[in-house]
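A.B. asks: Supplied in structure tokens, the structure appears directly below.
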Amino acid sequence: MAAFDLEEQEQIATLKAWWDKWGGILTISAVVLAVAVLGWRGWEWRQSTQAADASVVYASLMQAVEAKDAQKIREASGVIAERFGSTAYADLSALLAAEAQAASGDRQSAKSKLEWAAEKGNDALTRDLARLRLAGLLLDEKAYDAALKQLSVKPNKAFAVRYADLRGDVLTAQGKPADALTAYKEALDGMGSEQGSQAMRSVLELKIDALGGGK
């Protein structure tokens, strides 16, 4: 029995020494892990709550657009950008508001929304589309250099043809036919054979012919 007690005491002493060496690290690791798990769950809950709240405001924006209520369009889109900028609704609202504002003649507000989407949009495709639309507005205002700056970013393949085509339009308006011709040919070469592209192909060919670049 005494031998057993001695063995037991040795085991306790060994365990105590091990704990003195590693216990603090294990405790800290456990606390860090617990905080990380709670933080992740809190982030998920916050994202879910934000998306739900943003959807309500986005619904009011859609109603304002349908009613052509310029004031409510500005207010709703502003709230989404300010409070729910990290959600997909921020991207959608910026594009929707800009389209409605441009149609109503409020070009400055439209440009502001598109600038936000081009710089802060959560999705790369949203940023590409925003730059394309912003360049179109700038072209209408004869702000050619600013328009070309928006089109200088390499877009997703889905927008490559439209970027090159619009770049050609800007260069044509700027009085640079040789550069415009290069842009139009780039757009034409980038077109696929998918159904529905023939109309744009025909337009590009007409633009190229007009600049003396036809075969």
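Rule-based calculations on the coordinates, nothing more; no lab input. This one's a predicted model, so the numbers in the text were calculated from it and none came from an experiment. A quick note on method: Cβ atoms are made from the backbone with ideal geometry, for glycine too, and the neighbour counts reach across all protein chains shown.
A.B. asks: Between ASP69 and ALA124, what is 0.36 nm times their sequence separation minus the Cα-Cα distance? Round to one decimal in nm.
C.D. replies: Taking ASP69 through ALA124 to full extension adds about 16.9 nm, to one decimal.
A.B. asks: I'm checking a number: the convex hull volume of the Cα atoms of the stretch 47-173, normalised per residue, in Å³. What is it?
C.D. replies: Convex hull of Cα atoms, per residue: 94 Å³.
A.B. asks: Relative to the present Cα-Cα distance, how much length would full extension add between ALA59 and ARG201 at 0.36 nm per residue of separation?
C.D. replies: Working it through step by step, the gained length comes to 47.4 nm.
A.B. asks: Could you list ASP209, ASP128, ASP145 so that the one with the fewest beta carbons within 10 Å of its beta carbon is first and the one with the most is last?
C.D. replies: Ascending number of Cβ neighbours within 10 Å: ASP145, ASP209, ASP128.
A.B. asks: Sticking with this one: What does the C-alpha gyration tensor say about the overall shape of the stretch 154-215? Classify as rounded when a/c is under 1.5, otherwise prolate if a/b is larger than b/c, or oblate.
C.D. replies: oblate
A.B. asks: Let me ask something additional. Full-extension gain between LYS157 and GLU82, please, as 0.36 nm times their residue separation minus the C-alpha to C-alpha distance.
C.D. replies: 24.0 nm
A.B. asks: State whether the stretch 68-143 is rounded, prolate or oblate according to the following rule on the C-alpha gyration tensor (a ≥ b ≥ c being the square roots of its eigenvalues): a/c under 1.5 gives rounded; otherwise a/b larger than b/c gives prolate, and the remaining case gives oblate.
C.D. replies: Oblate is the answer for the stretch 68-143, as a/c is 1.5 or above yet b/c matches or exceeds a/b.
A.B. asks: Also, quick follow-up: State which entries of LYS154/LYS176; LYS157/LYS185; LYS120/LYS149; LYS68/LYS111 exceed 23 angstrom in Cα-Cα distance in the structure shown.
C.D. replies: Correct reply: none exceed it.
A.B. asks: Report the trypsin sites (Lys or Arg not before Pro) located in the stretch 127-195 that are in a DSSP loop and have at most 14 other Cβ atoms inside 10 Å of their Cβ, or state none.
C.D. replies: Those that pass, being in a loop and sparsely packed, are LYS142.
A.B. asks: Among the GluC sites (Glu not before Pro) in the stretch 120-215, which ones are in a DSSP loop with at most 15 other Cβ atoms within 10 Å of the Cβ? Mind listing them?
C.D. replies: Sparse-neighbourhood loop GluC sites (Glu not before Pro): GLU141, GLU194.
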